[in-house]
Amino acid sequence: MPMQAKLKSILLTLWLVSAAWIAPASSSTQPLLLKISPAGQHELLVVTEAGATVVQELRSCLLVSAPPQAVAQMQAADVATVLIAAPAQGEFFFLLHSKLPSPLSAQPGDITCQLLEESVWLLRTTNPDFRDWLVQPFRLKALRLSELFSGRARTTSGQFQAENGVAAHLSLRTAIIQDLVAKVSLERLRADILTLQNFQTRYTTTPQCTAAGDFILGRFHQLGLAAENDPFYFEGSKEGKNIVTVIPGKLTPEKIVLACAHYDSTSNNPLVFAPGADDNASGTAAILELARILAAEEFSFSIVLLCVSGEEQGLYGSDHYARQARRDGAEIIAVVNLDMIAYPGRQQRVLDVIVNRQSEWLADRFIAVAQPYIELRLDKVVDASLTWSDHSSFWDEGYAALCGIEDSENPYYHRTTDTVETLDLDFATEAVQASLATVAELAQLKSNSAASMPTGLRAQSQVSYSLYNRLKTVFLSWQANTEPIAGYHVYRAEQSHGLYQCLTTQPVSATTFRDPFLDPDKTYFYVLTAVDPQGRQSNYSREVRDDENN
Amino acid sequence: MKTTSLKFFRVAPFLLAVLLWLTCFSLPAVTQAKKIPQQRFFIGFAAGFFFPQQETFREIYNHAIWPMELRLDWDIFGSFSVFGAARYLETSGSTVSLFPELPAETHALHWQMATLRLGLNYRFGRSRFAPFAGMGGSFSFFREQWRDVALNTDGKKAGFFFQAGGRYRLNRFWQALAQLDYSVIPAGIGSRGKVHLGGLTLLLGLMAGLF
């Protein structure tokens, strides 16, 4: 370790020891908030080994909660740590996104903002009205440090790799999904955005926001869906509510595809007028449109449609829902979050698909499935630091999630001028079509094939080794369909429910399949379809892991 | 692991042929020399059987392995001689399944190894039959190939060896050779942990005194 780092380590240790003596209120085991940079694989590994927790992965650094004894361990491993804070009871911590040189309109003593990296600040306060001091536009994500400090596990980015641009099977149901996509109505989107805008404000905690929630709930009920309010509390006694409905799956209802958007809004005068047409009546209208079209269809998996509030205050609604889902063991295979999908700007018509590394497969699948139906460009953005919307709450709970968002700077963002007149609803329509196609595909819209879904799929994997190399071979077997069929297609993905690649150029008639020459260090997932005499494929079979029957 | 090209394996037989040619065509000239009291420089060829030390190696390459060696011996002083050798072996085998209880999947394999050896021998006595013992260092080039998929590993590793044997003088120029050696060649980490390419080799050969 260089001398400078050693000196730094000694000083930090001395500071920690003296802090423990001087401030008895903060116990010596109270975790500290640290900034670690760079944010590489080595740092992630050391943080994990030291028993620290990644609170947030940013572009250039990690925000880490660590017990004091872990700090020296991390420094000994040549990880550069900077002490940010020793959080105390009653303090709120937020990640704040603001491009201004100073995000505060004044410098009150009970609010501090510390720049972590470009445009990203750590806001620390005991003042519940701190938002009054912030200059718009800004975005907030609440950091629930108290729960982290009580030992609640958080996930960090993993090593998952998704193949880009694979010549993959796009959809079994191209024609059926095409029909669904054609049902997306620009006029309905406009009407719903206008209705939401006409609540004047949907700032969480206002009666108008509650009314907007009731409107969404009523709409779900009108469609014949069982919907309910999901209330939550934040920052003491402040209350918000999510609106949630489920289209139950017919074959595997415990598996869930979730589409969400926040319906709350904010502006430079949030309690009075915050129309939030782009942010995020556009996303909310998309969820309503998905509900209208998908409610009449049958799927293998369940589809949850979720409209959350509290997003503008710090992602409180989605955080509440995601944590509850994790506690209940919900099998959410994918989350599609739509936030600001109606202002493409003048330069280009691009919808960014934001994912973290764990969710990269989802972006690949979104683009592969949706791009054929739309003209706007879909760009995958893999960046775990883009935490400014509700997908981030699901990332924090280890779920695969993406955020569909316009690739432009909306000048009306978080202003009273964010109204429907400024929007490009053709763009929004295509964004909704893309999301609809993906959700329908992920949830496995019922196929129109005469062949029934194959059953009894089993997988065994064998590893063959030489002195220096190993290869995996996977053996699949399944029960034969009883009705007349042309054969079976076998599909493989490298993530569960990921982008399936068809392994069979022609339907195979046997009920066994051998998949050789595979990487033994990877796990593969398989499904198969039965093909009817007209060439139409059934729904996917149950997915199996390659070594499930070893 | 560093790799070497296939060129080495093409060059080795060529060198072998050149040395054999030199041996054959130089012998008549040597035999015509009238007064050579004792040959001090020998060239020889030997072949034999290799028994790999590592069980994994034997399990994978379960066919007999017949190494060949071209060697040069130089009696430098007293009972000591320096020797150098180029040894080549190749064999075939097949992959082993990690889970014997599951359906097997085997792939054909091919193994090649060329080893350059340099060492010192001590000869016990100067009678017609002269036992010897010695040791030295080696440098091996090896290649493992999967026949049905492009999965090759090339490497080169240093090692050492001990050997013992005897030379039997047939006539003024020719000597028969028998040798048993044990080589140690640690060769990095393989698919099942550390790889050891050494083992026991029994060689029988013929040496020709050049001068």
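Results, tabulated for the structure shown:
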read-out	value
The range B:49-77: number of residues that are out of contact with any Lys or Arg (no Cβ under 6 Å at 6 or more places or on another chain) and at pLDDT below 90	5
The range A:448-464, residues that are in contact with a helix residue (DSSP H, G or I) (Cβ under 8 Å, 6 or more places away or on another chain) and either at pLDDT 95 or above or part of a strand (DSSP E or B) (or both)	none
Residue count, the range B:51-78 (criterion: under 21 Å from B:ASN121 (Cα atoms) and hydrophobic (A, V, I, L, M, F, W, C))	6
Residue selected from the range B:192-211 under the condition part of a strand (DSSP E or B) and within 14 Å of chain A (Cβ to nearest Cβ), by the criterion farthest from the chain's Cα centre (by Cα)	B:GLY193
The listed residue being of a type in the set (Gly, Ala, Ser), touching a residue at least 60 places away in the same chain (Cβ under 8 Å) and out of contact with any strand residue (DSSP E or B) (no Cβ under 8 Å at 6 or more places or on another chain), out of A:ALA80, A:ALA86, A:ALA72, A:ALA106	A:ALA72
Verdict on A:PRO507 being without any contact (Cβ under 8 Å) to a residue 40 or more places away in the chain, under 30 Å from A:ILE193 (Cβ atoms), away from every other protein chain (no Cβ under 14 Å) and not small (Gly, Ala, Ser)	no
Positions within the range B:55-74 being crowded, with 19+ Cβ neighbours inside 10 Å and of a type outside the set (A, V, I, L, M), in sequence order	B:THR56, B:PHE57, B:TYR61, B:PRO67, B:GLU69, B:ARG71, B:ASP73
Test: residue in the range A:516-536 that is more than 14 Å from every other protein chain (Cβ to nearest Cβ), under 19 Å from A:THR252 (Cβ atoms) and either touching a His at 6+ places or on another chain (Cβ under 7 Å) or at pLDDT below 90 (or both)	yes
Candidate set from the range B:124-151 (those that are more than 18 Å from B:GLN163 (Cβ to Cβ) and outside any loop (DSSP other than H, G, I, E, B)); member that is farthest from the other protein chains (Cβ to nearest Cβ)	B:PHE141
Test: residue in the range A:46-61 that is more than 29 Å from the chain's Cα centre (by Cα) and in a loop (DSSP other than H, G, I, E, B)	no
Of all residues in the range A:440-484 being away from every other protein chain (no Cβ under 14 Å) and free of Cβ contacts under 8 Å to residues at least 60 places away in the same chain, the one that is surrounded by the most Cβ atoms within 10 Å (Cβ to Cβ)	A:ASN481
Given (1) at pLDDT below 95; (2) surrounded by 15 or more Cβ atoms within 10 Å (Cβ to Cβ), number of the condition B:GLU101 does not satisfy	(2)
Cross-chain or 6+ apart pairs with Cβ under 7 Å, the range B:103-122 first and farther than 24 Å from B:GLY166 by Cβ and away from chain A (no Cβ under 14 Å), then of a type in the set (A, V, I, L, M, F, W, C) and outside any strand (DSSP E or B)	B:ALA114/B:PHE8; B:ALA114/B:PHE9; B:ALA114/B:ALA12
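Here is a yes/no grid of residues against (1) assigned to a loop (DSSP other than H, G, I, E, B); (2) on the phi > 0 side of the Ramachandran plot; (3) modelled with pLDDT of 95 or more; (4) assigned by TED's automatic domain parsing to the domain that holds A:LEU306:
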position	(1), (2), (3), (4)
A:LEU180	no, no, no, yes
A:VAL184	yes, no, yes, yes
A:ARG190	no, no, yes, yes
A:ILE193	no, no, yes, yes
A:LEU196	no, no, yes, yes
A:PHE199	yes, no, yes, yes
A:GLN208	no, no, yes, yes
A:GLY213	no, no, yes, yes
A:GLY218	no, no, yes, yes
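This table checks each residue for (1) free of Cβ contacts under 8 Å to residues at least 60 places away in the same chain; (2) among the hydroxyl-bearing types (Ser, Thr, Tyr); (3) over 23 Å from A:ARG292 (Cα atoms); (4) assigned by TED's automatic domain parsing to the domain that holds A:ALA401.
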| site | (1), (2), (3), (4) |
| --- | --- |
| A:SER318 | no, yes, no, yes |
| A:ASP328 | yes, no, yes, yes |
| A:ASP339 | no, no, no, yes |
| A:GLN347 | no, no, yes, yes |
| A:VAL350 | yes, no, yes, yes |
| A:VAL355 | yes, no, yes, yes |
| A:PHE366 | no, no, no, yes |
| A:VAL369 | no, no, no, yes |
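The values are calculated or read from the model by the stated rules, or taken from the named source; none is laboratory data. Please read all numbers here as calculations on a predicted model, not as lab measurements. Note that we place each Cβ from the backbone using ideal geometry, even for glycine, and neighbour counts take in every protein chain shown.
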